[in-house]
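Worksheet: one structure, shown below.
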Amino acid sequence: MKKKLLLILMLCTMSLVVSKTSKAELFGLSGYTLNNGMRLIVIPNHKAPIAKHMLWYKVGAADEKIGKGGSAHLLEHLMFRGTKKIKGQDFNRIMEENGADSNAFTSQDMTVYHQFIDISRLELAMFLEADRMKNLTIDNKSFETERQIVFQERKQVVENNPLYRFHEAVQRAFWQTHPYSRPITGTEEEILKLKIKDVKSIYKKYYNPNNAILVIAGNIEPDVAYKLAEKYYGAIPPHGKSNNKLPAENVGQTSISLSMKLPDIEISRVLRKYAAPSYNSGKEQIYAYMVLSKYLGEGETSKLYDNLVVQRKIATTISTDYNYTSLGGGSFTISATPAKGVTVNALLREIDDAVTSALKNLNNQELERVKTQMLTGLVYVKDNPQDAAQIVGMLALAGMSDAEIENYADNIKQVSLADVKNAAMMLQKPAQVEGIVEPEGDKR
Amino acid sequence: MSRRPHYAQKRHRGWLLILIILLIVGAWFYTRSVNIDKIIDNSILKGRTFNAKVEEIIAPNSGIKAYFIHNNENPIISMEFIFADSGSAYDADNKKGLANLSAQMLTEGAGNLDDFHFKEELEKYAIDINYSVDKDDFSGRLLTIKDNLPRAIELLRQTLFEPRIEYNALQRVQQQTLQKIARLRESPSGRLKEAVSGKIFKHHGYGTSVLGTIEGVKSIKAADISDFLSRNFTKDKLFIGIAGDISKTEAEQLIDKIFSALPNERKSKDISSPSVDFSFRIENIEDKAAPQILSTIIAPSVSRLDKDFYPLYIANYIFGGAGLNSRINQSAREKEGLTYGAYTGLSLLQKSPHLVGGFSTTPDNFARMQEIFINEWNIMGQKGISNKELKFAKNYLQSSYNLRFDDISSLASILANMQRQDLGADFLQKRNIYIEKVTLERVNKVAKQYFSPEKLVIINLGAKLNERNGNEQTDK
């Protein structure tokens, strides 16, 4: 469906795909700053005459006022409902008629509009996207209709999915009073009470070129992309200010056990979620955490998977996920599913033991093995212009410079054994959230 | 006296004002409509085309044919191969889940490497090998960097000819599969999907999910998998697509190295086509846990090579395939805000092509949503589409065509499927011509036949549907 929310940040791709390549640059990107302050990143890819055009605004659900949950997401929907020049639903019609795969998503830190499009129509997408950066109109009828649609969206995407309800509860427990604790869609009550002025105020304050990053990946030369970006976006004067968020200070001081029994859950799951540095809160540390995550729980040769799933059959799945792109601070999550006949508490104890034993066995040889896995095949990340634009945009929004994005391989190579062991200290304290979700009754 | 000229003048100025406004509005309309075309016509990016040429290649020793595209944008190579008619629908009644479990087990150790060391080898060389099944076919995919191609070829060959299928790994994969089956039932959409397959296809192989049944999965032994592989992996059912930084000669040799030892012909039996009752009805499934009412719709359709395929494809696009611009989304979502989205699409099951669609909405909107759907369905059948809509559909289908060539694996997949569907090596050049040739008359003739009020099944799942929806059949 159109306009999906980006609910889970997805950078694990980075470590799934993996290089022995001596070329230090990950994407071969070119970066520019337009005269009005807008950042532009171009990733050439000449395989086919197509391009991904993504405009990333540095504003998301975390920037909403208390009680106005869902206004950033509702604004995202209304951006498809007409401007002074392109009336009503003409944006959608024109994009469709020109073969575009056009959509948008909202997360805590960002609102992103994107078109995957034949290169012959890229200029058209740039024209339309620039137009709605400054000329949006919102009438009562569209507002009422879109508010109903996002209400249905929350019902369909969140309420229809019990696991989603569990993850929202985990977010609340983990982030406490931080805005990230609130659902991206807003609650149902909030959605139904939103007013036009709530979405307009976000548009006015944050939808400006100096608060946006444009990423173009595809069959285009960097200097041509730069010229076109100046042509279409360059005329929009900067206003407001760039939304550079500070990392949260008080996250990581609680330790909460959360247990839910839900009627439609068939299979129990457990997770432990730890506060960890993100690029915005501790840029020098993130590569060690990436290596730690890969070593412990990414893929079927990782230590926790081998121990608990393959060797001892205590779990049927286990994985780690390190989120380092969130502006408010990062998180490190271990998630697992118990095997039949294993209780959730027994599995949690076994995870502790497996983590301890994996860390004890971590030596330089293991470190090199893991780093090789992370660096072999990095060339795959730039094969698909859509994936490349998505990853680069996410990293740029997290605050990374072009050089930082390109130097991924060097940064991984420089991680030492001591760095990873330091990062792993996090796991020796209780997790900020230990979450359990189980079937209601005795289905298990 | 002074008032007349004044009036006259005023009136005159009034006309002038109206004229000026008309001119401005006209100019605005003119520039607006021109702007869009002008931007495309004047774009400095126009004229860039997809030049990759599809070649049919023939392996020198085995004579196996494949479709091939050379592309050296990146030093990587992808291959997709399909063993046709080996999907889950072909599982025996007491072994439902065998095709899928076989696919999973092929990468659980091969040759002299056990499951762990096999996967470690793949990671070390950044080689991706994976197998999957759908209801019709069994398929495999390879992605490798150019430098590691020889190792990739050997590992892939071992998965096909020397899979280990060891007890421990099998037991683990079975447990994982059983949990996946259970997870399907955790969401209302999963429960609806399961129910719809059963109701439409009944005991036919299409009636069960590719994962199989709990009893079926539990009953599968290593010998069943070996038997599956020897029965299904044959040259006569093999279709291959190769794309990437590899020469034609190397690609031909690669095919021999991997596949030449396969037996020529398949011995196992074909399956029959399911007999599906598409006669108009609404069926309700009671589901207390569902916060919305979810609906699936099913209707007859045509196979890929049928003469009606493109006209029906376009009719479906206008009705429910054009995202927010489709008729059904325009009426239900964009005008009335009843749903987050509704869609329809053509399912190309080999033995039972059909049109499938769906929507979901809260109980208070449900009656109206269903009414709109049926109403739009009947309008499509009775009146068909307009010339403007036909042009819109053609514009989209043609100008979006290149988007499918986004990565090397997609290219390999398109090639394998072109061969599998018998579309011909020149399909990529001809496809937009096929679209262009579709006439309004053909679309509307086909729409009348397939958007028929008599051939439409609606299956709803939700709470208290009986009370809401009156007299339809309901399952408890």
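The values are calculated or read from the model by the stated rules, or taken from the named source; none is laboratory data. On a predicted model such as this, the values are computed, not experimentally measured, just so you know. Every residue, glycine as well, gets a Cβ built from its backbone with ideal geometry; the counts of neighbours run over all protein chains shown.
Look at A:LYS134 and say whether it is under 27 Å from B:LYS38 (Cβ atoms) and more than 8 Å from every other protein chain (Cβ to nearest Cβ).
yes
Quick check, is A:GLU190 acidic (Asp, Glu), farther than 15 Å from A:GLU76 by Cβ and away from every other protein chain (no Cβ under 13 Å)?
Against the criterion (acidic (Asp, Glu), farther than 15 Å from A:GLU76 by Cβ and away from every other protein chain (no Cβ under 13 Å)), A:GLU190 qualifies.
Among the residues of region A:296-329, write down those that are assigned to a loop (DSSP other than H, G, I, E, B) and of a type in the set (Asp, Glu). Step through it out loud before you land on a result.
Of region A:296-329, the ones assigned to a loop (DSSP other than H, G, I, E, B) are A:298-302, A:312-314, A:324-329.
Within region A:296-329, A:GLU298, A:GLU300 qualify.
Are any of the residues in region B:195-213 within 13 Å of another protein chain (Cβ to nearest Cβ) and either at pLDDT 95 or above or under 27 Å from B:PRO300 (Cα atoms) (or both)?
No, region B:195-213 contains no residue that is within 13 Å of another protein chain (Cβ to nearest Cβ) and either at pLDDT 95 or above or under 27 Å from B:PRO300 (Cα atoms) (or both).
Limited to region B:231-261, what total is found for residues that are of a type in the set (A, V, I, L, M) and not in a helix (DSSP H, G or I)?
Number satisfying all stated conditions: 6.
Considering only residues that are out of contact with any Ser or Thr (no Cβ under 8 Å at 6 or more places or on another chain) and surrounded by fewer than 19 Cβ atoms within 10 Å (Cβ to Cβ), look in region B:175-188 and name the one that is nearest to the other protein chains (Cβ to nearest Cβ).
For region B:175-188, the residue satisfying everything is B:ALA182.
Condition (residue is in a helix (DSSP H, G or I) and polar (S, T, N, Q)) applied to region B:439-454: is it met by at least one residue?
Yes, region B:439-454 contains at least one residue that is in a helix (DSSP H, G or I) and polar (S, T, N, Q).
Just the residues that are under 30 Å from B:SER86 (Cβ atoms), part of a strand (DSSP E or B) and of a type outside the set (Gly, Ala, Ser), please, taken from region B:333-389.
Within region B:333-389, B:TYR343, B:THR344, B:LEU346, B:HIS354, B:LEU355, B:VAL356 qualify.
Give region B:276-330 a look and list any residue that's part of a helix (DSSP H, G or I), more than 16 Å from B:ILE458 (Cβ to Cβ) and not aliphatic (A, V, I, L, M), or say none.
B:PHE309, B:TYR310, B:PRO311, B:TYR313, B:ASN316, B:TYR317, B:GLY321, B:GLY323, B:ASN325, B:ARG327, B:ASN329, B:GLN330
Yes or no: A:GLU249 in a loop (DSSP other than H, G, I, E, B) and either away from every other protein chain (no Cβ under 14 Å) or acidic (Asp, Glu) (or both)?
Taking the combined requirement at face value, the residue satisfies it.
Can you tell me which residue within region B:118-145, out of those that are within 9 Å of another protein chain (Cβ to nearest Cβ) and more than 13 Å from A:GLN373 (Cα to Cα), is surrounded by the most Cβ atoms within 10 Å (Cβ to Cβ)?
B:THR144
Of these, B:ASP227, B:ASP256, which one is farther than 30 Å from B:ASP147 by Cβ and either at pLDDT 95 or above or buried (at least 17 other Cβ atoms within 10 Å of the Cβ) (or both)?
On the way: B:ASP256 fails: farther than 30 Å from B:ASP147 by Cβ.
Answer to the selection: B:ASP227.
Please return the ranges of helices (runs of 4 or more DSSP H) entirely within region A:184-236 where 1 or more residues are among the small types (Gly, Ala, Ser) and closer than 24 Å to A:GLN148 by Cβ.
Numbers: elements: A:188-193, A:196-206, A:222-232.
Counting at least 1 such residues, we get A:196-206.
Tell me, which helices (runs of 4 or more DSSP H) lie completely within region A:373-414 with 2 or more residues that are out of contact with any helix residue (DSSP H, G or I) (no Cβ under 6 Å at 6 or more places or on another chain) and within 14 Å of another protein chain (Cβ to nearest Cβ)?
Once the helices (runs of 4 or more DSSP H) in region A:373-414 are filtered for at least 2 residues that are out of contact with any helix residue (DSSP H, G or I) (no Cβ under 6 Å at 6 or more places or on another chain) and within 14 Å of another protein chain (Cβ to nearest Cβ), what remains is A:385-397.
What is the number of the single condition among (1) within 27 Å of the chain's Cα centre (by Cα); (2) at the interface with chain B (Cβ under 7 Å from one of its Cβ atoms) that A:ARG147 does not meet?
For A:ARG147, the failing item is (2).
Being modelled with pLDDT under 95 and not small (Gly, Ala, Ser) narrows it down to one of B:ASP85, B:ASP37, so name that one.
Details: B:ASP85 fails: modelled with pLDDT under 95.
That would be B:ASP37, the only listed residue that is modelled with pLDDT under 95 and not small (Gly, Ala, Ser).
What number of residues in region A:342-357 are closer than 20 Å to A:PRO439 by Cα, in a helix (DSSP H, G or I) and of a type in the set (S, T, N, Q)?
Count: 1.
Which is closer than 30 Å to A:LYS134 by Cα, modelled with pLDDT of 95 or more and under 24 Å from the mean Cα position of the chain (by Cα), of A:VAL270, A:VAL215?
Answer to the check: A:VAL215.
Kindly check whether there is at least one residue in region A:75-86 that is more than 14 Å from chain B (Cβ to nearest Cβ), under 17 Å from the mean Cα position of the chain (by Cα), at pLDDT 95 or above and crowded, with 23+ Cβ neighbours inside 10 Å.
Taking region A:75-86 and keeping what is more than 14 Å from chain B (Cβ to nearest Cβ), we get A:75.
Those still in the list that are under 17 Å from the mean Cα position of the chain (by Cα) too: none.
Checked against the condition, which is being more than 14 Å from chain B (Cβ to nearest Cβ), under 17 Å from the mean Cα position of the chain (by Cα), at pLDDT 95 or above and crowded, with 23+ Cβ neighbours inside 10 Å, region A:75-86 yields no hits at all.
Scan region B:398-408 and give yes if some residue there is in the same structural domain as B:ALA299 (by TED's automatic domain parsing), of a type in the set (Asp, Glu) and out of contact with any Pro (no Cβ under 8 Å at 6 or more places or on another chain), otherwise no.
No, region B:398-408 contains no residue that is in the same structural domain as B:ALA299 (by TED's automatic domain parsing), of a type in the set (Asp, Glu) and out of contact with any Pro (no Cβ under 8 Å at 6 or more places or on another chain).
Every residue, every condition in (1) away from every other protein chain (no Cβ under 11 Å); (2) more than 18 Å from B:PRO188 (Cβ to Cβ); (3) not basic (Lys, Arg), yes or no:
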site	(1), (2), (3)
B:PRO291	no, no, yes
B:LYS307	yes, yes, no
B:TYR310	yes, yes, yes
B:PHE319	yes, yes, yes
B:LEU324	no, yes, yes
B:SER331	yes, yes, yes
B:LYS351	yes, yes, no
B:PHE366	yes, no, yes
B:ASN375	yes, yes, yes
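Any idea which of A:SER107, A:SER120 is surrounded by fewer than 24 Cβ atoms within 10 Å (Cβ to Cβ), more than 12 Å from chain B (Cβ to nearest Cβ) and either under 22 Å from A:HIS73 (Cα atoms) or of a type in the set (Ser, Thr, Tyr) (or both)?
Answer to the check: A:SER107.
Determine whether B:VAL173 is within 30 Å of B:SER295 (Cβ to Cβ), part of a helix (DSSP H, G or I) and not small (Gly, Ala, Ser).
Answer is no for this residue.
What residue, among those in region B:31-90 that are in a loop (DSSP other than H, G, I, E, B) and aliphatic (A, V, I, L, M), is nearest to B:ARG231 (Cα to Cα)?
B:ALA84
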